[in-house]
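Below is one structure; the comments refer to it alone.
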Amino acid sequence: MSELYIQRDDWKKEKHMPVIEVPENIQAGEPFQVKVSIGKEIPHPNTTEHHITWIDLYFHPEGGKFPHQVGHYAFTAHGEAVAGPNQGPAYSLPEIVVSLKVTKPGVLHALASCNIHGLWESSAELKLA
Ligand code: FE2
């Protein structure tokens, strides 16, 4: 049986890679914001035919066995309209800003889905001050 095919690459060269931005000096139990975006260096298309459909964010605490899902963020407007594809008035952009707090250091994982090109994953270490 094969595993789920998840792609990883350099976000500066690959337009599908999620970019995770975390602040420095995160304190245990104190809220902070994380930004996740797709296409920071090379924009990904955002059309009815080709777009990012969602981002999942997970936190895997240091020493823990399992990742914890922080959230699922869906992007559902891509120019769809009665008049036809790409004629609609709304386009959701593939970026999120999430507020969260953690009690342990660990790793954030962002998983993004392109409707044509599959799943893409990146990670960022969360250190506590
Ligand atoms: Fe794509």
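Give a residue-ordered list of calculated ³J(HN,Hα) values for the stretch 49-63 (Karplus: 6.51 cos²θ - 1.76 cosθ + 1.60, θ = phi - 60°; whole Hz; x for Gly, Pro).
Ordered by residue, 3J(HN,Hα) equals 7, 8, 7, 7, 9, 6, 10, 10, 10, 10, 10, 10, x, 4, x Hz.
To make sure I understand, if each residue's beta carbon is the centre and we count other beta carbons within 10 Å, what order do L111, L4 fall in, fewest to most?
By the 10 Å Cβ count, ascending, the order reads L4, L111.
With θ set to phi - 60° and the Karplus curve 6.51 cos²θ - 1.76 cosθ + 1.60, what are the ³J(HN,Hα) couplings of the stretch 23-34 in order, to the nearest whole Hz, using x for Gly and Pro?
Along the stretch 23-34, the couplings run x, 8, 6, 6, 9, 4, x, 9, x, 8, 10, 10 Hz.
What aspartates and glutamates sit close enough to K101 to cross-link, taking a C-alpha to C-alpha distance under 18 Å and skipping anything fewer than 8 places away on the same chain?
Within the straight-line cut-off, K101 pairs with E21, E24, E30, D56, E62, E125.
HN-Hα J couplings of the stretch 110-120 from phi, Karplus 6.51/-1.76/1.60, θ = phi - 60°, integer Hz, Gly and Pro as x?
10, 10, 10, 10, 9, 5, 10, 9, x, 9, 9
Using the basic label-point model (7 angstrom from Cα toward the beta carbon), what is the T47 to V97 distance in nanometres?
In this crude spin-label approximation the distance works out to 3.1 nm.
In what sequence do E24, E41 fall when counting other Cβ within 10 Å, fewest first?
Sorted ascending by nearby Cβ count, the order is E24, E41.
Whole number please: convex hull volume per residue of the Cα set in the chain, in Å³?
Normalising the Cα hull of the chain by residue number yields 122 Å³.
Here, each number is a calculation from the coordinates, and none is a lab measurement. Quantities reported herein were computed from a predicted structural model and do not represent experimental measurements. Quick reminder, even Gly has a Cβ in these numbers, built from the backbone with ideal geometry, and neighbours come from all protein chains shown.
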